[in-house]
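The values are calculated or read from the model by the stated rules, or taken from the named source; none is laboratory data. No experiment lies behind these values; they were computed from the predicted model shown. Positions of Cβ are backbone-derived with ideal geometry, glycine not excepted, and every protein chain shown enters the neighbour counts.
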Amino acid sequence: MRRLSWEQFDFILLGLVATLVIFGIAVIRSAIAGNEVLAGLVQRQITFALMGFVVVLITAAIDYHYWATLGKYLYVATVLLLAALGIIGKAAFGSARWIDTGLFFIQPSEIAKIVMILVLADFFARHREQLHEFRWVVMSFLLTMGMVVWILLQPDLSTSITVLVIWFGMLWVAGLTWKHLAIFAVLGAISPFAAWPFLADYQKARVINFLFPDPNARHGAIYNVQQALISLGSGGLFGQGYGHGTQVQLRFLKVRHTDFIFSVIGEEFGFVGTVFVIVMLALVLWRILRIAHTAHDTFGALIAYGIAIMLFFHMAVNIAMNINLIPVTGLPLPFITYGGSALLSSLLGIGLVESVAMRREPLSF
């Protein structure tokens, strides 16, 4: 175990994340302005943000090596929690994804992402020299599917895909061979067709509406995407101003504080605002990757790489959805989208990265 040294704490990374969280709270406030039903969401997001930054400091202080020992217990506990959703879950939008703690709702699938990063980092670190043998690759896949299958049963396809992307990205970093990559390329090409019969009706509808949109639609996912594109386009270069976006303030844009918050940013802050968010997120990823590169060991490096993969996938999918490059999903824009579980999960990930940073060799600016 390495000596705890706050000198190695990455305050630049923390500052970038804090800026995004504060900006996100401000955008949420504008997005729900005038809606009495949603009036309490800003205060909730602030509360979760404060809790999240406490989690960052506590997690950073804990030596990340302890998670290698606790990983298997966390894995079992998370699977049991996901399984329990079928009994005590809060049903919403045709799925059961939340557990009511009495004070707030928690989404176990957000915790599952972090747990899988820790479990896979430990697995790949211990078996890195054996990954040229395909059976170890298959074992890592089965380990991942042991978590994914319970997320699929909610059903939550977008989170399931996220966990699989994390698995593949960490496998690639850990040393996936080109021979095995070719196998996955073939499997990846046929998987959408094989999975189609097992998708829920609303999931099929999202794909069909994306491929064959009805230009006359006045509701549903198509309408939401149309309003998102109008919002982005009406923002121009510098935007209509904070709290003055017509699509947002007149409520033409739906789920504007969650799925389509990037469009809110585009309308009120313009192209400059969207570039600011993308650059800030890119800087966060850059700092995380630098920490991964200078980590004391493979386990720490893989934790940091796993968090970077998760955040990048969330960012890329959310932005692509807002500009109609992919079907609508529920993945958040990291640190900005409203959602306590998602925010806490992302900040927990930052705490783990900071733990790795504090136990590495000195890193210059």
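Could you tell me whether Val186 is without any contact (Cβ under 8 Å) to a residue 40 or more places away in the chain and surrounded by 12 or more Cβ atoms within 10 Å (Cβ to Cβ)? Walk me through how you get there before you give the answer.
Values: without any contact (Cβ under 8 Å) to a residue 40 or more places away in the chain: yes; surrounded by 12 or more Cβ atoms within 10 Å (Cβ to Cβ): no.
It is false that Val186 is without any contact (Cβ under 8 Å) to a residue 40 or more places away in the chain and surrounded by 12 or more Cβ atoms within 10 Å (Cβ to Cβ).
Which number in (1) aliphatic (A, V, I, L, M); (2) surrounded by fewer than 19 Cβ atoms within 10 Å (Cβ to Cβ); (3) within 30 Å of Pro192 (Cα to Cα) marks the one condition that Val279 misses?
The single condition Val279 does not satisfy is (3).
Filtering region 308-335 down to residues that are β-branched (Val, Ile, Thr) and modelled with pLDDT under 90, which residue is surrounded by the fewest Cβ atoms within 10 Å (Cβ to Cβ)? So that I can check it myself, show each step before the final result.
As a first pass, look at region 308-335 and keep what is β-branched (Val, Ile, Thr): 309, 317, 319, 323, 326, 328-329.
Going one step further and asking which of them are modelled with pLDDT under 90, we end up with 326, 328-329.
Working: Ile326: 16, Val328: 22, Thr329: 19.
Of everything passing the filter in region 308-335, Ile326 is surrounded by the fewest Cβ atoms within 10 Å (Cβ to Cβ).
Residues that are modelled with pLDDT under 85 and not hydroxyl-bearing (Ser, Thr, Tyr), at least 2 per element: which helices (runs of 4 or more DSSP H) completely within region 6-98 meet that? Steps first, answer last, please.
On the way: elements: 11-31, 41-61, 66-88.
Qualifying helices (runs of 4 or more DSSP H): 66-88.
State whether one or more residues within region 344-360 are touching a His at 6+ places or on another chain (Cβ under 8 Å) and of a type in the set (A, V, I, L, M).
Within region 344-360, one or more residues are touching a His at 6+ places or on another chain (Cβ under 8 Å) and of a type in the set (A, V, I, L, M).
Could you count how many residues in region 252-275 are of a type in the set (A, V, I, L, M), closer than 13 Å to Gly24 by Cα and surrounded by fewer than 24 Cβ atoms within 10 Å (Cβ to Cβ)? Give the steps one after another, and end with the answer.
Kept after step one, since they are of a type in the set (A, V, I, L, M), are these residues of region 252-275: 253, 255, 261, 264-265, 272, 275.
If we keep only those that are closer than 13 Å to Gly24 by Cα too, we end up with 261, 264-265.
Then keep just the ones that are surrounded by fewer than 24 Cβ atoms within 10 Å (Cβ to Cβ); that gives none.
Of the residues in region 252-275, 0 are of a type in the set (A, V, I, L, M), closer than 13 Å to Gly24 by Cα and surrounded by fewer than 24 Cβ atoms within 10 Å (Cβ to Cβ).
Within region 235-251, track down each residue that is without any contact (Cβ under 8 Å) to a residue 40 or more places away in the chain and crowded, with 17+ Cβ neighbours inside 10 Å. I'd like the intermediate steps shown before the answer.
Our first condition is that a residue be without any contact (Cβ under 8 Å) to a residue 40 or more places away in the chain; within region 235-251, this holds for 235-241, 244, 246-247, 250.
Passing the criteria: Gly235, Gly239, Gln240, Gln247.
Looking at this structure, is Thr294 in contact with a Lys or Arg (Cβ under 6 Å, 6 or more places away or on another chain) and more than 16 Å from Ile25 (Cα to Cα)? Break it down stepwise before answering.
Details: in contact with a Lys or Arg (Cβ under 6 Å, 6 or more places away or on another chain): yes; more than 16 Å from Ile25 (Cα to Cα): yes.
Criteria met by Thr294.
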